[in-house]
Amino acid sequence: MKIKTLDSHLKGTLQAFYESWSVKRANCYLGLDFEALRQTLAEIKDDAIARQDVLLDRFEEQARRHGSRVLRARDGDEANRLVLEILEKHGARKIVKGKSMVSEETRLNHFLLRHGVEPRETDLGEWIIQLAAMSPTHMVMPAIHLTRQGVARIFSKHLGREISAEIPALVRVAREELRREILESPAGLTGANALIAENGSVMVVTNEGNGRLVATAPPVHIVLASTEKVLPSTADALLLLKILTKSATGQPISSYVSFIAGPHRTEQYIILLDNHRSELRSDAKFREVLRCIKCSACLNVCPVYQVVGGEEFSHVYMGGIGSLLTAWIHGLAESKDLAELCMGCHRCDAVCSTKIPIANLVVALKERLVRATGKRFWKKVALDGVMGHPLLNRGTFLAGRAAGPLLRKKGYARGLPARLARYDRFRALPAPAPRSLSGRFGKVKRSLRKKTPATKGRVTLFAGCLIQHVYPEVGLAALRVLARLGYDVVLGPGTCCGFPPWNSGHSASARRAFRYVLKRIKGEGPVITLCPTCTTMLAQGGPDLVMRAEAGRRRSRRAGGRQARDVRRFAERIVTFSQFLARHEKEALQRLLSRGGPGKKVTYHDSCHQKYVLEASEDSRTLLRMAPGSELVEMTGPASCCGFGGAFSVDHPEVAESILEDKLAAVAASGADIVALDCPGCLLQIRGGCARSGQAVEIRHTAEILAEALRED
Amino acid sequence: MVTPSLVDRFIAGAVSAGAEIFRAPDLRAALDAAARLIEDESIRTILASPSLRKAAEEAGLDVRLPEGTADIAAAEAGIVQADFGAAETGTLVRLDSGDEEKLLWTLPSLCVCLLECRTIVPDLQSLAGVLSGHLARTGRPGPQVSFVTGPSRTADIECQLAIGVQGPARLVIGLIEGQGP
């Protein structure tokens with residue numbers, strides 16, 4: 001599927017929104033313990049999900065006591081029919097609506113129009129979207145993809161008069177028009193941010209105040225809420241509120257919060273919609289998705305969302321979390337395109353208000369998708385074939401190396417078939433190195449051993465397939481540093497760690513690749529990696545795959561236990577190069593580094609897994625500051641993604657290119673001579689991008705920078 | 001005894017949410033200040049919560065009680081009173097008893113809200129018990145609770161902040177320092 005990326009104006013709007021939101025959000029949480037808050041909220045939600053049936057009954061009983069009518073709907077169609085029946089009973093041909101993502105989920109507007117009822121959105125963003133016959137592209141900012149000129153055109157067309165494209169004028173028009181609509185309407189519909197079981201009240205949060213107008217002014221008020229919104233108590237709802245607005249808009253609280261118990265005027269109806277949530281609730285793996293409070297923080301930080309927007313990256317719900325909700329609510333098949341747009345960078349996990357492990361759940365969803373809908377051809381070849389089969393993996397690179405003189409031009413691939421031009425256009429792809437890391441390792445190691453005896457024991461270096469075949473100099477640099485520190489460095493297998501197939505849901509191939517590595521790294525002592533993504537796979541993804549496979553096999557408990565213990569021990573040995581040095585060898589390394597030297601500006605690029613999974617970016621910065629003659633300068637957005645994402649940049653080269661563009665601009669603006677990083681994937685992407693755009697900047701792995709700074713002995 | 005810091009924190013929260021603040025020693029002085037503010041704006045139609053009407057008239061304000069939704073929508077200013085303030089966020093808390101009261105807070109472009117300093121609590125969580133008790137009461141109309149923090153706002157067009165999209169464009173909070181008459 002070819003994805004349309006945003007034009008520079010819209011990309012700029014999203015970028016500006018992201019930047020201002022990040023600052024405001026950070027300020028809101030100043031002095032608060034976000035981790036503790038979200039942990040508590042996650043526990044409250046888990047408990048409420050586990051006891052949902054009891055809580056919903058209690059809510060219903062309490063709401064009835066207040067005179068509300070509570071109705072249950074199994075699916076979207078039933079909910080829509082209930083709304084229509086209520087409106088018909090009250091003779092209403094029109095209904096005003098507060099913002100309700102659940103009504104988007106059931107396509108209520110569409111349904112009502114077909115049955116002769118006019119729905120009118122009253123949230124400014126939703127109203128714009130409705131007039132333009134579009135769908136929301138952000139859960140909190142539905143019309144974020146439109147410019148003021150676009151909005152003025154939409155209003156002018158609707159009202160039959162020229163409306164100025166100034167924001168205050170547009171807001172004034174909305175105020176007048178929407179107020180008239182609300183006050184004249186016989187019925188109003190709102191969503192709910194929480195249903196409070198202990199007293200049968202509904203919490204509605206808005207900034208504009210339309211929610212409270214829609215709930216108060218018309219005689220009939222309908223609440224359309226999904227079942228997972230139920231919480232035990234008012235105190236629980238207050239905690240949710242405390243987190244929701246900070247995460248959603250970076251406000252300490254929204255302008256208006258209403259708790260409504262019972263009807264204001266004639267009637268209040270509360271429709272509780274299940275829509276396959278009970279199936280999701282009974283799925284042990286995916287149940288956590290129901291903790292989502294629709295704050296959209298995950299979307300705001302998503303590098304893919306930032307360049308493709310919500311038109312491409314949504315079904316009804318958006319982004320990675322959207323793929324998970326969609327898989328249940330609208331069906332597995334509908335979630336496929338969304339899931340494939342998730343790179344697995346884990347930024348969302350860091351900001352999720354209820355600690356949903358979104359990135360890993362999307363991988364689990366991809367696994368189900370692969371089982372249910374099959375695999376893409378190129379992925380069968382590349383992920384199952386080349387990466388999932390260690391021997392084929394080696395063979396492919398051997399062939400590439402043999403053909404090297406034909407393929408290589410200054411280290412980059414040339415003469416690629418026209419079909420591959422999409423992948424090569426924005427970043428030059430590297431050719432395999434003339435000699436692999438394993439081919440050069442022994443000789444270099446022997447010469448180093450002559451100078452420095454190995455006094456500190458043995459470490460295993462797991463370099464990964466890119467360094468083994470494409471960037472062997474990175475592996476040799478790491479060897480130099482470790483050997484000089486007095487380690488006996490043995491080289492692990494130069495095959496794939498299994499991450500690319502794992503991240504695409506090809507779990508069998510991923511497991512095979514991981515097991516191959518597991519079997520070939522024997523003994524004890526640290527296993528040092530040169531790639532944060534390999535680290536994540538070897539320490540987390542791979543062990544999880546093996547444990548799950550073991551759990552599914554009928555074996556003696558003792559054998560299963562032994563296997564689990566072995567895998568756990570292996571996982572504990574995995575450490576990245578910079579983590580290992582910064583945490584164990586800082587002083588010793590300092591003594592080995594030369595002093596002074598020509599000053600070069602170095603800027604550090606945080607690779608996604610280094611920062612968001614391993615939380616080891618600061619370790620690298622510590623090491624880089626120690627390197628003589630290098631001055632560490634920060635680029636804007638050092639932790640912005642480079643757009644590589646392994647298989648992702650093959651699936652979606654246009655998206656990868658758009659993300660890379662911003663990174664290259666930040667690199668250029670930093671004025672740095674060297675970009676330091678810790679991931680060979682980012683190295684490929686950023687170096688290739690610089691080569692294509694003619695940026696004269698060196699891209700180096702931290703290991704290379706340290707190796708060059710070693711004193712001559 | 002309310003510590004000054006609680007009031008100061010409330011003011012900081014409310015101001016950063018876009019509210020304006022004035023302080024007065026008692027209810028009468030607060031209404032006098034409201035009268036001056038309203039006069040400066042040359043506002044003619046002013047509605048007040050029933051509980052404030054008498055005192056407002058004594059302060060020389062030409063106020064009426066609301067008579068239905070259309071009447072409230074046509075008013076230029078509403079004078080209301082909050083039951084509590086939450087310092088952390090500068091939030092006004094109202095335990096509503098009717099829809100007209102709620103609309104009076106929301107429809108006029110200028111909302112003047114009086115708040116007694118002694119009712120300011122550290123944060124909304126401190127009110128959980130009170131709110132929960134209020135929401136459990138029965139009767140018609142059903143119990144409501146409103147939190148209002150700053151004026152009505154939106155950033156739905158190009159993420160630019162705009163004030164007064166549906167509710168008031170100005171929220172002026174009159175803090176009453178004493179116990180009130």
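Each reported figure results from applying straightforward, stated rules to the coordinates on display, with no laboratory input. Not measured: the values here are computed from a predicted model. Glycine also receives a Cβ, built like all others from the backbone with ideal geometry; neighbour counts cover every protein chain displayed.
Here are some notes:
- Binning the alpha carbon pair distances of the stretch A:1-127 at 10 angstrom intervals from zero yields the distribution 9, 21, 27, 28, 14, 1, expressed in whole percent.
- When both bridge partners sit in the stretch A:162-299, DSSP labels roughly 40% of those beta bridges antiparallel.
- In terms of its C-alpha gyration tensor, the protein assembly as shown has a prolate overall shape, because the principal axis ratio a/c (a ≥ b ≥ c, square roots of the eigenvalues) is not below 1.5 and a/b outweighs b/c.
- Tensor-based shape of the stretch A:336-495 (alpha-carbon gyration tensor, a/c under 1.5 rounded, otherwise prolate or oblate): oblate
- Mean Kyte hydropathy of 0.0 or more with a Cα span along the axis of at least 15 Å, helices from DSSP in chain B: B:4-16, B:27-40
- Residues A:L365, A:L272 in ascending order of nearby Cβ atoms (within 10 Å, fewest first): A:L272, A:L365.
- Fraction of antiparallel bridges per DSSP, the stretch A:568-713 only, in percent to nearest 5: 10 percent
- Per-residue mean of C-beta atoms belonging to partner chains within 10 Å, peptide A:57-65: 1
- Calculated P(r) tail over 19 Å for the stretch A:445-575, as whole % of Cα pairs: 51 percent
- Averaged over the residues of peptide A:12-23, the number of Cβ atoms from other protein chains lying within 10 Å of each residue's Cβ is 1.
- Proximity of backbone amide H atoms, modeled 1.01 Å from N, is registered between A:I699 and A:V675 at under 5 Å, excluding neighbours fewer than 5 places apart on the same chain.
- As a proxy for reagent exposure, A:L589, B:L65, B:L92 were ordered by neighbouring Cβ count within 10 angstrom, fewest first; the result is B:L65, A:L589, B:L92.
- Cα-based convex hull volume of the stretch B:99-153 per residue, rounded to whole Å³: 113 Å³
- For chain B: relative contact order, % (alpha-carbon pairs under 8 angstrom, 6 or more apart): 30 percent
- Taken residue by residue and averaged, Cβ atoms of other chains lying within 10 Å of the Cβ of B:88-95 number 3.
- Projected-area average for the stretch A:148-189 over all orientations - Cα convex hull basis, square nanometres: 3.3 nm²
- Centre-to-centre separation between the Cα atoms of the stretch A:130-156 and those of the stretch A:170-236: 21 Å.
- Whole-angstrom Cα spans of the stretch A:296-355 along principal axes, big to small: 27, 25, 17
- Ranked by how many other Cβ atoms sit within 10 Å of their own Cβ, fewest first, the residues A:Y604, A:Y471 fall in the order A:Y471, A:Y604.
- For A:L491, the amide hydrogen comes within under 5 Å of the amide hydrogens of A:L461, counting only partners 5 or more places away or on other chains and with H modelled in the peptide plane.
- An oblate overall shape is assigned to the stretch B:1-141, the ratio a/c of its alpha-carbon gyration tensor axes (a ≥ b ≥ c) being 1.5 or greater and a/b not exceeding b/c.
- For the stretch A:257-365, fraction of C-alpha pairs farther apart than 23 Å, in %: 32 percent
- Whole-Å distance, taken between Cα centres, linking the stretch B:40-79 and the stretch A:237-308: 37 Å
- Here chain A carries DSSP beta bridges of which approximately 25% are antiparallel, counting only pairs with both residues inside.
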